[in-house]
Amino acid sequence: MPPRWTREDWELVAWAVRFHRGAEPTMNDAKFAKLSALQQENVRVMAGVIRLGRVLHRSGVDSPTGFKIENSTDAITLMIPKLEDNLEIAARLAAGKHLLETVLGKPLVVRATEKAAKVMALPESAAAGRFVCGGWGVGLEVSGAKVRIRGFKSPVVEGCQCRG
C-alpha cells in the first residue's frame, strides 16, 4: 500500500479500474451517483486516461516517449510517434478517447507524428564507406549521396575507424 493513501484514494482507484473498459460511468449507476461531483470527475478522468492508454497500446504504441500535446481553446491535440494512420486504428481511438473528451469538455485530436528520417542527402563529393565510432558498432554508412545510421556486427575497439 502506498504511504499516505487513504481509503478514499483506494476507492477512487477501484472506480477507475471498474470503468477502464466496458460501459462508461453514468448517473444511472446508483453507487457511482452517490460519489461527490469531484470524485465522479476524478474517476472519469482516470478511467478516460486508462482507456486511451489501452487503445494506444493495442494500436502498437508501446511507449509514451516523444508524445507532444497542444492545448488550444478549441481542442487538445496529442501527437504520437509510431502511431499508424488507418481506419481500424481511427475507429479504435474514437471509442477509446470518448470518455476523456466528455470530461475535458472539448475534442481530443490524436495524430501520428512524422518519423524522423534516418537518411539525409550529402554533397556529391562525400566518400563512400562505413564510419564506425566508439566501440559500439554503431556508425554511418555512406553510399552515393545518402547516409544511413546503422549498427554493425563487428564493433571497433578504440576511437573512430573508417572502413571502405
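The values are calculated or read from the model by the stated rules, or taken from the named source; none is laboratory data. Computed from a predicted structure; not experimentally measured. Virtual Cβ from ideal backbone geometry, glycine too; neighbours counted across all protein chains shown.
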Result of the Cβ filter at 7 Å on the range 79-92, keeping first residues that are farther than 9 Å from residue 111 by Cα and outside the structural domain of residue 59 (by TED's automatic domain parsing) and partners that are among the charged types (D, E, K, R) and at pLDDT below 90, at least 6 apart or interchain, is none
Report yes if residue 17 is closer than 20 Å to residue 95 by Cα, part of a loop (DSSP other than H, G, I, E, B) and modelled with pLDDT of 90 or more, otherwise no. no
Starting from the range 57-74, take each residue that is on the phi > 0 side of the Ramachandran plot and list its partners that are among the acidic types (Asp, Glu) and surrounded by 10 or more Cβ atoms within 10 Å (Cβ to Cβ), counting only C-beta distances under 8 angstrom and pairs at least six apart or across chains. 60/84
For the structure I just gave you, tell me whether residue 88 is of a type outside the set (Val, Ile, Thr), at pLDDT 90 or above and on the phi < 0 side of the Ramachandran plot. yes
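Listed here are the residues, each with its yes/no results for (1) among the polar types (S, T, N, Q); (2) touching a strand residue (DSSP E or B) at 6+ places or on another chain (Cβ under 7 Å); (3) crowded, with 18+ Cβ neighbours inside 10 Å.
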position	(1), (2), (3)
5	no, no, no
10	no, no, no
14	no, no, no
29	no, no, no
36	yes, no, no
54	no, no, no
61	no, yes, yes
64	no, no, no
Counting just the residues of the range 25-66 that are part of a helix (DSSP H, G or I) and charged (D, E, K, R), which one comes out farthest from residue 12 (Cα to Cα)? 58
Being at pLDDT 90 or above, of a type in the set (Gly, Ala, Ser), closer than 16 Å to residue 100 by Cβ and in contact with a Ser or Thr (Cβ under 8 Å, 6 or more places away or on another chain) is the requirement here; does residue 53 meet it? no
Is it the case that the range 117-132 has a residue that's assigned to a loop (DSSP other than H, G, I, E, B), touching a strand residue (DSSP E or B) at 6+ places or on another chain (Cβ under 6 Å), at pLDDT 50 or above and closer than 30 Å to residue 19 by Cα? no
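Examine the range 70-83 for a residue that is closer than 19 Å to residue 114 by Cα, out of contact with any His (no Cβ under 6 Å at 6 or more places or on another chain) and loosely packed, with under 14 Cβ neighbours inside 10 Å, and state whether such a residue exists.
Of the residues in the range 70-83, the ones closer than 19 Å to residue 114 by Cα are 70, 76-83.
From what is left, the residues that are out of contact with any His (no Cβ under 6 Å at 6 or more places or on another chain) are 70, 76-83.
Imposing the further condition that a residue be loosely packed, with under 14 Cβ neighbours inside 10 Å reduces the set to 70.
Yes: the range 70-83 contains one or more residues that are closer than 19 Å to residue 114 by Cα, out of contact with any His (no Cβ under 6 Å at 6 or more places or on another chain) and loosely packed, with under 14 Cβ neighbours inside 10 Å.
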Could you figure out which of (1) under 21 Å from residue 108 (Cβ atoms); (2) modelled with pLDDT of 90 or more; (3) not in a strand (DSSP E or B) isn't true of residue 69? (3)
Among the numbered criteria (1) aliphatic (A, V, I, L, M); (2) surrounded by 12 or more Cβ atoms within 10 Å (Cβ to Cβ); (3) farther than 30 Å from residue 7 by Cβ, which single criterion is violated by residue 49? (3)
